[in-house]
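Taking it in order: structure first as structure tokens, then the write-up.
Just so it is clear, none of the values below were taken in a lab; they were calculated from the coordinates. Just so we're clear, the structure is a prediction, and the values are computed from it rather than from any experiment.
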Amino acid sequence: MVSNDKALIIIAIVVGVGALAGMIGLIGQGNIRHVEIFWAEKVEQTVAFEDVNGMVQLRGLAGISGEPNPHLITRTSFAYVLTVINNGDTHHRLYIEGLEVQTDLLEPGARDTITIYPTKEGLYKYYDKRQYLEHLGFVEVVTVVPSDEFTGIFRDLI
């Protein structure tokens with residue numbers, strides 16, 4: 001009877017160690033993650049029109065600094081989702097020259113979201129487009145090179 005208990009204990013230990021090794025192997029190969037390992041392929045920013053002392057400005061609210069007329073930056077091959085809110089006293093419309101996109105004409109308190117899929121790098125002017133174009137700032141589209149495309153000394157630093 002004692003030898004049956006010893007055999008049962010040894011079998012339980014072997015099965016437990018085998019199960020632990022199997023879990024470590026499965027998890028170690030990257031088959032189970034507690035977070036998503038891929039970056040969302042979009043850049044989201046929110047800006048708002050403001051009327052300050054008779055002057056129009058765009059202010060960053062989310063995903064961008066809060067300075068007036070911020071330099072907006074996005075990446076090629078990513079969706080650029082830009083939400084525009086009109087916190088001003090008059091109608092406004094955001095127009096991005098070169099990308100040829102614009103929001104609807106926004107009444108005070110209204111908002112619109114535009115989605116852009118930039119394919120090439122560049123520096124584009126953005127305007128408040130009402131009766132005339134009023135230049136406010138720039139949208140910059142950049143290409144980010146994956147680390148596996150680095151060559152030479154840069155590859156060794158990663």
Considering amide H positions built from the backbone, and no H for Pro or chain starts, which residues 5 or more places from residue 138, or on another chain, come under 5 Å of its amide H?
72, 126
What do you get for Rg/Rh of the range 78-131 when both radii come from the Cα atoms and Rh is the Kirkwood radius?
0.99
On a straight-distance basis, which aspartates and glutamates could pair with residue 42 in a cross-link, Cα separation under 17 angstrom, same-chain partners fewer than 8 positions away excluded?
121, 140
Based on alpha-carbon atoms only, what is the radius of gyration of the range 47-110 relative to the globular estimate 2.2 N^0.38 Å?
1.13
Go through the range 65-80 residue by residue and turn each phi into a ³J(HN,Hα) via Karplus (6.51, -1.76, 1.60, θ = phi - 60°); whole Hz please, and just put x for glycine and proline.
5, x, 6, x, 6, x, 7, 7, 10, 9, 10, 6, 6, 10, 6, 10
